[in-house]
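Here the structure comes first, spelled out in structure tokens, and everything after it is commentary.
The values are calculated or read from the model by the stated rules, or taken from the named source; none is laboratory data. It should be emphasised that the depicted structure is a prediction, and the values quoted were computed from it without experimental measurement. Here Cβ is always computed from backbone atoms with ideal geometry, including for glycine, and neighbour counts include all displayed protein chains. Just the protein is used for accessible areas: all its heavy atoms, side chains included, with ligands, DNA and RNA removed. Shrake-Rupley method; radii C 1.70, N 1.55, O 1.52, S 1.80 Å.
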Amino acid sequence: MKIFFILIALLFTTVSCDTLEELLGKAPSKNQCSEEPPTPQVPLPQTQHSISTFNSCQELEDHLAQIVSTYNRESQRISTYWENQQDCSPVNIQPVNAIIEDSTQQPTNTQELSVDEADIVKVSENFIFAVKTERLEVLNKKDLSLNESLSLKNISSPQLYIHNNHIAVFGHTSQATNSYSYKPYTTVKIYEISSPLILKNTFQLRGSLLSSRLKKNGLLTFISSDSLNPWSNTSSSSQTRTLIKEQLNGLNCDSVFKPIVNDNDTSLTLIQSFNLEAPEQNFSYKQSSLLGSHSQVYMGKEGLYLTKNYLNWFYWDKRVQSTPPSSYIAKFEISNDQWSLSSSGSFKGLALNQWSFKEFENHLVVATTSRPQNQWFPGISNIALPPEPTNNLYVLKPQGSKLAIKSKIENFAINESIQSVRYINSMAYVVTFRQIDPLFAIDLSNLSQPKILGELKAPGFSTYMHPIDDKTLLGFGFSGDSSGWIQGMQLSLFDIENPLNLEIIEQKKIGNDSSFSDALYDHTAFYVSSDKKTVGFPIIHPPTYQLPSQKNYEDVYAGAVLFDITDQGFQFKAEINHNDWMTEQCEVDSSNPQDYFYNYSSFDINRVFEHSSRLFSLSRFGIREHDTKNPLLILNEQSFAPHKSDCYQITYYQ
């Protein structure tokens, strides 16, 4: 980290080796500098298409030991290189032009109709379940009266799933190993829905939760990761074996799939599956595992996909620096309530999020942004920022154990980055951004030959898109000027009836350049009514100011906002909030608008949702039912018992 900041400081300066070595903590001497650091004696990354597991724990241990040995050897070689860099002629750091990166039946807004996603609120036939700080609140759906309040002590960021007559509550937990170290766990509690709830089982799954999904057949899946290696030259084989067995959650070593790329990753990805339709099994889970950490998760109707980036520890390796980063993808298929690795592949660039992926008839489509890697220490003389990004779309199809590229579109929207993707029928809509917001319409009707049909340029960019109907697409994100400066949030409505001629129906700027919403980067917080005539989302308008003494509180607000969708665009409907409950429970001054948010985190409404044609708003302080035509009219409400941490940041940062 220290070296990183030094490099940034040196970008536009000229320094001598003496000065550079002093900054790096090295004493100067009198010899000449070598031209380049040594090339690591390791193979470049390649996708491993042979699907197999480790034969034994010994084979797994040997694999981890080889990674550690390689890392130690190459670290020693580069250390020797640095030690030999002696007093030399001045190093000229050439200035470069920086690239500006601008920044079911359940109420949950999900990606796939057949796959549910975790949320802080779920609804059963008779109850509404909501999680807040260390509590599960159970409310009667009829009148919002509180039926039960359960403790979720020590479970942080709890979330929910419901299937038939069972509810799963889960979140992050940890166990201290000493004063400075903690082991990450995911705790899962499964209840039978009754009055009161009946706890059926509790599980502690080792690892940090990456993601989760629930298929309609009742298969609940958690994906987590942890490191398998102690990273100590003095660790004994027995210590390593103990660590491996502990982190496998009881899984045998011969059930661990070998990594899909030959990199230096010692993390383990665990996939735990619960069948919520099998209560007679006491909801015991089955496991699959794959060596390597993974960053993106997508679950379609047929498969579960995990992607990872090549893990390059050898930052001085010019072979890697000159190659655009690739993503490596693993496809899992379900068999006997368990996910099993079936194929693997790779593609150029990095996917933004789960919306970058879509299954089409045994094919997988993915949109990516790619740029060459940062060039750290190429002989110390040519430190450069990343070159211009480009964007791509790939169509992958399984061929045996290989997830092969069938067709592709590469290098479109040069010098821009993907901000959102939405697949609608046989079309892909991709938003990229640098200064303005191009919306691309890509035809996927022939997966052997995808093609860009249309492009529309508009100010700002959307971080989330939602289809209103076959002719209309909604975008939610940031407004911007022609130079790319953020001006506030923005709702956009696009006419997509003719992909060859995309048109803007309306763009509505919301708030100021400091405004924010949970829904900008969390699609579950974006509300679309069942008739798709109303949209809503949590919103924060912090005070705008040039200097701390020049704060402008004129438009400050925290709560949620609703808009109706018309043929002409958006019509403001209402602003709703729980400010009164916050003022009462946290004993803050309702006239001070800064009490309602901190660091762009809302202390007010976090969800607006609909169920059985009824409109609700939810915060950590309570839940309200609103009249659908006049949301300011409150039909029912229930405040929650206050918890000390509900108000911690509010009172602490006054």
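Just give me the residues in region 260-274 being of a type in the set (A, V, I, L, M) and not in a strand (DSSP E or B), in sequence order.
If the condition is that a residue be of a type in the set (A, V, I, L, M) and not in a strand (DSSP E or B), then ILE260 is the only one that fits.
Take VAL91 and tell me if it is surrounded by 14 or more Cβ atoms within 10 Å (Cβ to Cβ) and modelled with pLDDT of 80 or more.
On the way: surrounded by 14 or more Cβ atoms within 10 Å (Cβ to Cβ): yes; modelled with pLDDT of 80 or more: no.
So VAL91 fails the test.
For residues in region 418-458 being of a type in the set (Asp, Glu) and open to solvent by less than 70 Å² (accessible area, probe 1.4 Å), which is nearest to LYS358 (Cα to Cα)? Show your work before the answer.
Within region 418-458, the subset of a type in the set (Asp, Glu) is 437, 443, 455.
The next check asks that each one be open to solvent by less than 70 Å² (accessible area, probe 1.4 Å); those that pass are 437, 443.
Numbers: ASP437: 22, ASP443: 14 Å.
Selected residue: ASP443.
Give the residues of region 113-158 that are among the β-branched types (Val, Ile, Thr) and part of a strand (DSSP E or B), sorted by residue number.
Correct list: VAL115, VAL121, VAL123, ILE128, VAL131, VAL138.
Here is a list: LYS301, LYS286. Which entry is open to solvent by 10 Å² or more (accessible area, probe 1.4 Å), more than 23 Å from the chain's Cα centre (by Cα) and of a type in the set (D, E, K, R)?
Only one candidate qualifies: LYS286.
For a quick check of your reading: which strands (runs of 3 or more DSSP E) sit entirely within region 469-540 and have at least 1 residues that are modelled with pLDDT under 90 and in contact with a strand residue (DSSP E or B) (Cβ under 8 Å, 6 or more places away or on another chain)?
Output list reads 472-480, 486-495.
Please determine whether any residue of region 641-648 is open to solvent by less than 50 Å² (accessible area, probe 1.4 Å), at pLDDT below 85 and charged (D, E, K, R).
Yes.
In region 427-444, how many residues are outside any strand (DSSP E or B) and modelled with pLDDT under 95?
Number of matching residues: 2.
When residues of region 393-405 are filtered for being surrounded by fewer than 17 Cβ atoms within 10 Å (Cβ to Cβ) and touching a Lys or Arg at 6+ places or on another chain (Cβ under 7 Å), how many remain?
Of the residues in region 393-405, 1 are surrounded by fewer than 17 Cβ atoms within 10 Å (Cβ to Cβ) and touching a Lys or Arg at 6+ places or on another chain (Cβ under 7 Å).
Only one residue in ASN374, ASN309 is modelled with pLDDT under 90 and closer than 29 Å to LEU251 by Cα, so which one is that?
Answer to the check: ASN309.
Here is a list of conditions, (1) open to solvent by less than 20 Å² (accessible area, probe 1.4 Å); (2) closer than 17 Å to GLN638 by Cβ, and ASN126 meets all of them except one; can you say which number that is?
(1)
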